[in-house]
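The values are calculated or read from the model by the stated rules, or taken from the named source; none is laboratory data. As the structure is a computational prediction, the values presented were derived from the model and not from experiment. Note that each Cβ is placed from the backbone with ideal geometry, even for glycine, and that neighbours are counted across all protein chains shown. Note: accessible area is taken over every heavy atom of the protein model, side chains too, but ligands, DNA and RNA are not part of it. Shrake-Rupley method; radii C 1.70, N 1.55, O 1.52, S 1.80 Å.
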Amino acid sequence: MEITKINRSEKKFKLENLKNYLLISLSVFLPISIYLTDLIIIILFAIWILNGRIMKKLKIIMNDPILRSCILFFLYFLLSHFWGGESIFNQTTQKQLLILLLPVLWTLNFDKNYYDLVKYGFILGLLCNVILSFFTVIFPKNPLFKRGHYEDVNFAHGFLDHFDYSIFLCFGLLVILSLINSRNFKYFLIIILIFIITLINSYGRIGIVSFYIFFPICIYLFTKGKTRILTLTSFVFISIICFKVFKPFQSRINQTIENVKLIKSPLTLEEKIELDALYLSQKNSETKEFYIEKILSDKSWVDYIDKKKPEYETSVGKRYSYIKNVYELSKETPLYGFGANQFQKIYSRKFDDSKTKHPHNNYLFVLIELGLAGLFFLLLIFFYQILDFFKTEKKEILKLTFPLFFIFIMFLDNYFLNHNTLVFFCLFSFIIFSKKS
């Protein structure tokens, strides 16, 4: 009898340790590998089920406002398949299903000593990315970095695509600020400088913009007096130097400015003809003037060029056109939306554009698929997170900056549906907002 009890306690001990190690592994591999991250998540879900006490866990979930809001949003998302006429087994559901990771983590009873280790694990994973980034700048033709957008451009490529990588780097800097103290100041200061240099060379415009909004705010909140003034002055000085020295940083800023100018002042027909002629001359042996003359001699060619809208073909221009088009679409079903997994079909049918899968704006995407009701359930999650900051006596800055950070980046892409960033949301929501006791 005693031997049986010992065996059970040993198994329980091993399971408890396994949970803790998996939590740390998740934080390390999140910025590195989707496949390893998914494997860890599957094991955590399996442990959650094998652990039993399902009713007790469900009671905890429904009693916490943040978890309850996540469940309500997900249930409403599933319900919307009925009026959308879509099978519930689709790619959008597979992605959105990851929101359930938050209540699973919340009710797995991890050892509280591992909570801060998650932050260090995340920094470690980012450091692995940074090493690869520097290696890629020196040896651009290596097989390790993530293939995809701008893969032929020489910049700080990481294991992830630039839009996720830059977001993680930006928030990694905010995490470091929350961990910094007199003992680790020198080491973290070096890591901060390395992260900033990597971020501004990562080509991830959203992460860079977020950095220049949230990093100064956090410096202001974490420092006082002369230290605050000195730190903020150094931040401005370093930013100017970075702009002068690093070409990818210059390129992204200049591209954004040019994109905005193009929307405000669209090209004339003559300018569009000259642009097409220049493109053709660069691809062929003839001069630009030769192609201008050839275009002008063909009326149908001139009409074709006249219909072009190059101001809407840039990154900023596309986002601007999505806002206008989604506004028109949302008038048709404003309250409930068209249903889950319907955006691409509806958008393609309305605007003859089969390539656009989402509008690079989470709020617009939810508005079309789930309507104003869906937006309400989504924002309710962040409302309770921000409320938690004001309700707790000990003001942890990440409790405020994390939801505000996520609310901001969702204006610029589909981060609440994207695999890496949704797992990131669940992991840090758990670490920041769950009760450690």
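Strictly greater than 30 Å: what percent of every Cα pair in the chain meets that?
For the chain, the fraction of Cα-Cα distances above 30 Å is 53 percent.
Using modelled backbone amide H atoms (1.01 Å from N, in-plane), which distant-in-sequence or interchain residues come within less than 5 Å of D413's amide H?
Residues meeting the criterion, in which the H sits 1.01 Å from N, are N362.
Assuming a ≥ b ≥ c are the square roots of the Cα gyration tensor eigenvalues, decide whether the stretch 96-141 counts as rounded (a/c under 1.5), prolate (otherwise, with a/b larger than b/c) or oblate.
Oblate shape, in that a/c is at least 1.5 and b/c is the bigger or equal ratio.
For the stretch 351-365, in order, what is each residue's ³J(HN,Hα) by Karplus, 6.51 cos²θ - 1.76 cosθ + 1.60 with θ = phi - 60°, in whole Hz (x at glycine and Pro)?
Coupling constants for the stretch 351-365: 10, 6, 9, 7, 7, 7, 8, 7, x, 6, 7, 4, 5, 5, 4 Hz.
What number comes out for accessible area per residue over the stretch 154-238 if the probe is 1.4 Å? Units Å², please.
44 Å²
Provide the packing ranking of 283-293, 374-384, i.e. peptides ordered by the mean count of other C-beta atoms within 10 Å per residue, highest first. Each step should come with its number before you reach the end.
Working: 283-293: 12.5, 374-384: 19.2.
The densest-packed peptide leads the list: 374-384, 283-293.
Tell me the relative contact order for the chain as a rounded percent, counting alpha carbon contacts under 8 Å between residues six or more apart.
Once normalised by length, the contact order is 20 percent.
Could you go through the stretch 286-297 in sequence order and give the Karplus-derived ³J(HN,Hα) for each residue, using 6.51 cos²θ - 1.76 cosθ + 1.60 with θ = phi - 60°, rounded to whole Hz, and x for Gly and Pro?
Ordered by residue, 3J(HN,Hα) equals 6, 7, 4, 4, 4, 6, 4, 5, 5, 5, 5, 7 Hz.
Using only DSSP helix segments of four residues or longer, with each worth -39500 (n - 2.57), what per-residue ellipticity at 222 nm results for the chain after dividing by its residue count and rounding to 500?
Computed ellipticity for the chain at 222 nm equals -24000 deg cm²/dmol.
In the chain, what percent of the accessible surface is made up of carbon and sulfur (1.4 Å probe, ligands and nucleic acids excluded)? Don't skip to the answer; put the middle values down first.
Working: 15120 of 23360 Å².
That share works out to 65 percent.
Each residue of the stretch 366-382 in turn: what ³J(HN,Hα) in whole Hz from Karplus with 6.51, -1.76, 1.60 and θ = phi - 60°, glycine and Pro shown as x?
Here the 3J(HN,Hα) series is 5, 4, 6, 7, 10, x, 5, 5, x, 4, 4, 5, 5, 5, 4, 4, 6 Hz.
Accessible area per residue for the stretch 252-340 in Å², computed with a 1.4 Å probe and the full protein assembly in place, what is it?
Per-residue accessible area for the stretch 252-340 comes out at 67 Å².
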